[in-house]
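Peer 1: Dumping the structure here so I can ask a few things about it.
Nothing in this text is a laboratory measurement; each read-out follows from the coordinates by a stated rule. Keep in mind that this is a model prediction, so the values were computed, not measured. So basically every Cβ, Gly included, is an ideal-geometry build from the backbone, and we count neighbours across all protein chains shown.
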Amino acid sequence: MSYFDETGMGDMSGFRPGSRIGDESVEVEGRLEHETAKAKLVEFTNGPKVWVPKSQIISERENGETVIYVIKEWFAKKENLV
């Protein structure tokens, strides 16, 4: 079961990268460069390459050659992703 199913948010396919989801998370689009046990190095479509702690990733889904990441808003702001 996905985060969206658990929270009753349903299909989130209509959201655009950088859009808000709830009060505490945003969607951002990027390409996975590298992954460790605790973090992912993501090259964001509208920003830099950033190491994102897995604890800050709420969910992710493939979007062709990129991935849509739902991450915690405070982290996205800190890294200038939104």
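Peer 1: If you rank 55, 25 by fewest surrounding Cβ atoms within 10 Å, what's the result?
Peer 2: Fewest-to-most Cβ neighbours within 10 Å comes out as 55, 25.
Peer 1: Let me ask something additional. Give the lysines whose C-alpha is closer than 20 Å to that of residue 77, dropping any in the same chain fewer than 8 places away, or say none.
Peer 2: Straight-distance partners of residue 77: 40, 49, 54.
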